[in-house]
1. Just checking, does the stretch 116-130 include any residue being hydrophobic (A, V, I, L, M, F, W, C), at pLDDT below 90, exposed (fewer than 13 other Cβ atoms within 10 Å of the Cβ) and assigned to a helix (DSSP H, G or I)?
2. Can you find a residue in the stretch 14-26 that is over 18 Å from Leu98 (Cβ atoms) and assigned to a loop (DSSP other than H, G, I, E, B)?
3. Being of a type in the set (Val, Ile, Thr) and either assigned to a helix (DSSP H, G or I) or loosely packed, with under 14 Cβ neighbours inside 10 Å (or both) is the filter here; which residues of the stretch 73-111 pass it?
4. Going through Ser57, Ser43 one at a time, which residue ends up being part of a helix (DSSP H, G or I) and either in contact (Cβ under 8 Å) with a residue 60 or more places away in the chain or touching an Asp or Glu at 6+ places or on another chain (Cβ under 9 Å) (or both)?
5. Are any residues in the stretch 1-13 assigned to a helix (DSSP H, G or I) and either modelled with pLDDT of 95 or more or not hydrophobic (A, V, I, L, M, F, W, C) (or both), and if so, which ones?
6. It is to be established whether one or more residues within the stretch 65-72 are exposed (fewer than 12 other Cβ atoms within 10 Å of the Cβ), in a helix (DSSP H, G or I) and either at pLDDT 95 or above or in contact with a Pro (Cβ under 6 Å, 6 or more places away or on another chain) (or both).
7. Show the residue pairs meeting these rules: Cβ distance below 6 Å; 6+ apart or different chains; first residue within the stretch 63-75 and at negative phi; second residue of a type in the set (Gly, Ala, Ser) and not in a strand (DSSP E or B).
8. Just to be sure, is Thr31 not in a helix (DSSP H, G or I) and not hydrophobic (A, V, I, L, M, F, W, C)?
Amino acid sequence: MPENEAEDAGRFAYEGLDRVLHEKARLGILTALVTHPAGVSFSDLARLCDLTDGNLSRHLDVLAKANLVKITKGFEGRRPHTTCALTPIGRKRFREYLVQLEKVLRDAAAQEDAADEAAKTRTRPGLAGA
């Protein structure tokens, strides 16, 4: 294997993209929770993420089992009230995930910039010197 191929091995594997977090609905849930440090009600979270109660509940179960969110059930007056918040571990893992996601974006942007530069330097056949 040539030297530069060995250096590039696994370059785009992005192992830091945590599979628990890297799911559209859970990414939305975590983003909503990171913007509400004190937590958010279940119903508001469902509205913010455009999820049904059942779908939100299922995703929150996955996140809670991974110790990323804390779910607190109680009452407001006589009505049940559920609040969801990020745990310190959840906040840390979400930040680490975002660092990896930024790397993906930088890599993709660098490739696009290189392709744009290459396209600018190419001349079209038949138009040289025109």
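1. Yes: the stretch 116-130 contains one or more residues that are hydrophobic (A, V, I, L, M, F, W, C), at pLDDT below 90, exposed (fewer than 13 other Cβ atoms within 10 Å of the Cβ) and assigned to a helix (DSSP H, G or I).
2. no
3. Scanning the stretch 73-111 gives Ile89, Val99, Val104.
4. So the residue among Ser57, Ser43 that is part of a helix (DSSP H, G or I) and either in contact (Cβ under 8 Å) with a residue 60 or more places away in the chain or touching an Asp or Glu at 6+ places or on another chain (Cβ under 9 Å) (or both) is Ser43.
5. Glu3, Asn4, Glu5, Glu7, Asp8
6. yes
7. Within 6 Å, the pairs are Leu68/Gly90; Val69/Gly90; Ile71/Ala64.
8. Numbers: not in a helix (DSSP H, G or I): no; not hydrophobic (A, V, I, L, M, F, W, C): yes.
Taking the combined requirement at face value, the residue does not satisfy it.
The values are calculated or read from the model by the stated rules, or taken from the named source; none is laboratory data. All figures in this text were calculated on a predicted structure; none of them were measured in a lab. Neighbour counts run over all protein chains shown; Cβ positions are idealised from the backbone, glycine included.
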